[in-house]
1. When you go through Asn183, Asn195 one by one, which is the residue that is more than 16 Å from the ligand (Cβ to nearest atom), in the same structural domain as Asn144 (by TED's automatic domain parsing), surrounded by 23 or more Cβ atoms within 10 Å (Cβ to Cβ) and not acidic (Asp, Glu)?
2. Considering only residues that are buried (at least 21 other Cβ atoms within 10 Å of the Cβ) and within 24 Å of the chain's Cα centre (by Cα), look in the range 312-327 and name the one that is nearest to the ligand (Cβ to nearest atom).
3. Only one of Leu52, Leu44 is hydrophobic (A, V, I, L, M, F, W, C) and touching a strand residue (DSSP E or B) at 6+ places or on another chain (Cβ under 9 Å). Can you tell me which?
4. On the basis of being modelled with pLDDT of 95 or more, part of a loop (DSSP other than H, G, I, E, B), more than 16 Å from the ligand (Cβ to nearest atom) and not assigned by TED's automatic domain parsing to the domain that holds Ser35, does Gly251 make the cut?
5. Within the bounds of the range 156-174, is there any residue that is within 16 Å of the ligand (Cβ to nearest atom), within 22 Å of Thr450 (Cβ to Cβ) and in contact with a strand residue (DSSP E or B) (Cβ under 9 Å, 6 or more places away or on another chain)?
6. State all residues of the range 522-566 that are in contact with a helix residue (DSSP H, G or I) (Cβ under 6 Å, 6 or more places away or on another chain) and either at pLDDT below 95 or aromatic (Phe, Trp, Tyr) (or both); if no residue qualifies, say none.
7. What number of residues within the range 368-385 are at pLDDT 95 or above and among the acidic types (Asp, Glu)?
Amino acid sequence: ENGYKLWLRYAPVAGKKIQEHEETLSNIFISSHVSTAGVIAEELKKGLSGMLGITPAIHQSKKDRSYLRIVKQPGSEHLKNLGKEGYTIKTIQQKNNKIIFIKSAGDAGLVYGTFHLLRLIQTQQPLHNIHITEKPQIIFRMLNHWDNLDGSVERGYSGASIFTWNDLTKDNLQRIKDYARANASIGINAVVLNNVNADPRILRNDYLQKIARVADVLRPYNIRIFLSANYASPLPPSSTPDVIKKQGGIGNLATADPLNEQVQQWWKQKVDEIYRLIPDFGGFLVKANSEGMPGPQDYGRSHVEGANMLARILQPHNGILIWRAFVYAHNNKEPDRVKQSYAEFQPLDGQFDQNVILQVKNGPLDFQPLEPPHPLFGALEKTNLFAELQITQEYLGHSTYLVYLAPMWKDFLNFENHQQKIAHIISKKKTVRITGIAGVANIGDDENWTGHHFAQANWYAYGRIAWNPDLLIDSITNDWLKMTFSLDPSGNKKLLNIMNSSWMHFADLQTPIGLPVTTDPGMHYYPALKQRTNMYWKINAKGIGYDRTASGSGYASQYDAVNERLFNNIQTCPEKYLLFFHFVDWNYRLQNGKTLLENLLQGFQQSINSIDRLKFTWHSLKDQVDEQRYKEVQQKIDLQKKDALEFKYYFVGFLHTFLQ
Ligand code: BDP
């Protein structure tokens, strides 16, 4: 096996629990007028033949027999309350017949219900007495691809882009279809196809035509397409191609000023053109005035003016405008860069239009292995907010390290600010209409999609969490393990434990006690410490860290009063964030009674030990895993060990230069 099938392997399952339903699963009835009937039938055939060796008959009418019935009931009050994506699955016994119902008020809900039933079989759950009611907790469950038009992927570690714009053949479309199946199986319903550092050419008609073909493939799986738009698109093309991303557009105007009428007209025509080709187009994602990208501030206009202009043009089409809060403007005078985003956007609360969404990274710095949650969560009452997570392991060992990110995301979602858990801030509508979550994808054209076989788990877990941020991690991980491998229960348990602790062990090495940005400035992989001092943290003979308390940069005051107090005080600051918020003396004693230095060294060693345990465990599962995947994972583990050891030696050596 090469991993291409992801968690949709549909490997044979045996056992009485499933066998007693074979007749039911061999006869499928799908009610008429289900626009997704084709993909539902196709998936069931694939799944049931793989797992149970049966080829189900698809019936148009119901007779007196056992059936799997897939029924759309738009009129049912109960189903309407679950929305078009919600569904129920229920088994009933009618005379001698066992019937499994999947019901929804919408076509999408039936697709999700089908994947759920297949998952129950894959994970060998009993089917005789099920009564499931599901409804997504978050409206937009997105993937953000950072894919470029030339096929490269920014921060991608698993090959080239799967969106091959120069060569969109049938084969590529098949891969895109498999990508859609995988996404639908975990509830992802929206994808941004291109990099936030947007090449303006993506909005050219020739590209839009190709995108429309991709949209046709994704539509039956309930996935809407979004595009990253370059704010300078109305400008003429740049004459210097190497800076095409940052300067120049695809138009012929002299300005991209959002208050200019011609600019507005340009965007209106462009948006109309897009909707003619892709009637269910979702909208734009914009990175503006950050890291050199153009934006309204280039013309003396605010983020509000910039975003609302585009939002008003998308609004009649039911489109939304997602504006990123990740702003590092070169002209910002604030030395502590983590303060910029909140300072810029918190005062704008209430000024954005109703179809504008602010997309905020989980942390204030930049997708670090460990950093405190962004203080904007909970601080905006009248602004739609999407959380942006990173599935690709930019700062988390690329596709070389086995790092399972679900525990990190859970930690973020469980954090409370302004008396609310982030999981609820992003999922419960109070004063805003639109909820959402975005994950920067780790998908590429590698055979196994994600480079590391275990990185598939991050894509999987992200989708499940996006559907329901309150889900328990272990249930997600267990499902993934059972669907991805065919291990005995003790093998599953061993891997579950290793996966769950992998994030903290990684952080112990690369973000120890909350010290962020320890890697090189380009790749964000190899250790680089000297270059990272001053801007991100300080180090000298006395200690290490960054003082972000009231006596330092004052960043802690961007949180609510409870967190501010907690973080400001070295005694109460959670130790995992200690060096993020404080400059700490080498001899300061942590809760375990050991000094800061001792803790750092101990963490490094534990991190290395955890890789040894991983290696040992993986080896013990050799007989249970197919050869190709076994070997490929083993090779990754060896490389991880080597690179982690180097990281450790480098780090310890660096620290010693400051210690007498
Ligand atoms: C940083 C990445 C960079 C992205 C940027 C962003 O290093 O490649 O363009 O974030 O999110 O993490 O815009």
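1. Working: Asn195 fails: more than 16 Å from the ligand (Cβ to nearest atom).
None of the others qualify; the one that does is Asn183.
2. Arg324
3. That would be Leu44, the only listed residue that is hydrophobic (A, V, I, L, M, F, W, C) and touching a strand residue (DSSP E or B) at 6+ places or on another chain (Cβ under 9 Å).
4. Yes: the conditions hold for Gly251.
5. yes
6. Leu529, Tyr555
7. Count: 1.
Residue by residue, here is whether (1) exposed (fewer than 15 other Cβ atoms within 10 Å of the Cβ); (2) within 26 Å of Leu481 (Cβ to Cβ) holds:
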| residue | (1), (2) |
| --- | --- |
| Val13 | no, yes |
| Lys16 | yes, yes |
| Ser26 | no, no |
| Ile30 | no, no |
| Ala57 | yes, no |
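The values are calculated or read from the model by the stated rules, or taken from the named source; none is laboratory data. Fair warning: this is a prediction, and the values are worked out from it, not measured in the lab. No Cβ is skipped: glycine too gets one built from the backbone with ideal geometry, and neighbour counts run over all protein chains shown.
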